[in-house]
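Values quoted throughout were computed directly from the atomic coordinates according to the rules given, and no laboratory measurement underlies them. Quick caveat, the model's predicted, so the values are computed rather than measured. Glycine also receives a Cβ, built like all others from the backbone with ideal geometry; neighbour counts cover every protein chain displayed.
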């Protein structure tokens, strides 16, 4: 009986460690996929009144530069100016830290730190967040979706 318990725990450990390795491999692949220049093609959200809004004339571009000086860094160019950011990826999320995020225009990601990401092709990236706070108009926008294409 004691041997069966040991075998059970060994199998459990092996299965969890293989899952962790798959997630780590997927995150590394995402770092490789995301590096480069991306242009915002479309932003969609639900405003505080419940209306669906679409922004498809944006000047926002993001450059994910990769690992420099120990951090993964990038540069965002918007109609309100340029912003430096750091980022981290998992197999399905992207954490972006923009400073100062309060100055970001509506069509620039970074008002929240965590986005779900999905590559919808070699040259297409989708980032979503359940909600963001848009300080310029003191409002919450929901169901935020950014669609980028590789430049």
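Here are a few things to note about the model shown:
- Peptides 132-138, 37-43, 100-106, ordered by how many other C-beta atoms sit within 10 Å of their residues on average, highest first, read 37-43, 100-106, 132-138.
- Mean separation of Cα contacts under 8 Å (6+ apart) over length of region 39-149, as relative contact order %: 26 percent
- Here the gap between residue 126 and residue 77, fully extended at 0.36 nm per residue and compared with their Cα-Cα distance, gives a gain of 15.9 nm.
- Peptides ranked, highest mean first, by Cβ atoms within 10 Å: ranges 142-150, 120-128, 45-53: 142-150, 120-128, 45-53
- Residues of region 35-64 with amide N under 20 Å of a point placed 7 Å along Cα→Cβ from residue 142: 43-55
- Length gained on full extension, residue 91 to residue 57, computed as 0.36 nm times the residue gap minus the Cα-Cα distance: 9.3 nm.
- When the alpha carbon gyration tensor of region 78-151 is reduced to an equivalent ellipsoid, the three semi-axes, largest first, read 20, 14, 12 Å.
- Length released on extending from residue 151 to residue 37, taking residue separation times 0.36 nm less the Cα-Cα span: 40.5 nm
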